[in-house]
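Okay, so here's the structure we're looking at.
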Amino acid sequence: MSDPVICEVAIAAPADLVWRALREPREIRRWFGWDYDGLDDEIDFIFQQHAKADDAARTLDMGEGGVIGLEDRGDATVVRVARAAADGYDDVNEGWISFVQQLRFYLERHRGQERMTVHLPTRGEEWFSSEHQSGHVREDGSLVIRTRERVIVSSYGS
């Protein structure tokens, strides 16, 4: 991995299991991205059509999407994502950080289960912002408040 590592996460699962979760479309669907009509096509595009897998080394070369590599530590596996460095915020890098955490959550807590995604976008009109929380009014008129401990959604009417 010549690009800098943007994400390194230890997952309490054997490397064979983690590798399978990175290679089998049904497993990928249980942790990658979020539910929407085009998810299966996106998984096929990213993980099958454009990724070069090295089963022996347990690496996935995603081209400009970076490289995902596994380090076997027996009962645990370290997942590393390396991508080109960005100056400041990079949506793709941040996405991979979220996705690897979703992979960890799936394998450590919900292995073999189907997933449902609940979207709570905070984009919209800024309602307020303080040091430890922020609130945005969404297009549907609901208020989403995000703190370090929780996300609160206030919605009125039907």
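Taken together, the values in this text are just the output of simple stated rules run on the coordinates, not laboratory data. What you see is a predicted model, and the numbers here were worked out from it, not measured in a lab. Using ideal geometry, Cβ is built from the backbone for each residue, glycine included, and neighbour counts are taken over all protein chains shown.
For this structure, a couple of remarks:
- A run of the chain free of exposed loop cleavage sites, with GluC sites (Glu not before Pro) counted only in DSSP states other than H, G, I, E and B and at most 11 other beta carbons within 10 Å, reaches its longest extent at 1-113.
- Given 15 as the ceiling on other Cβ atoms within 10 Å, longest exposed-site-free region of the chain for chymotrypsin sites (Phe, Trp or Tyr not before Pro) in DSSP loops: 90-155
- Once the C-beta distance of Gln48 and Val92 is scaled by a Förster radius of 30 Å, the resulting FRET efficiency is 0.95 to the nearest 0.05.
- Relative to the longest principal axis of the Cα atoms of the chain, the long axis of helix 91-109 lies at roughly 80 degrees.
- FRET efficiency estimate (nearest 0.05) - Cβ-Cβ, Asp55 to Arg138, R0 30 angstrom: 0.10
- Stokes-Einstein translational diffusion, segment 1-148 - Kirkwood Rh over all Cα pairs, 1.567 mPa s, 4 °C, in µm²/s: 77
- Euclidean distance between Cα centres, segment 106-149 to segment 26-64, Å: 25
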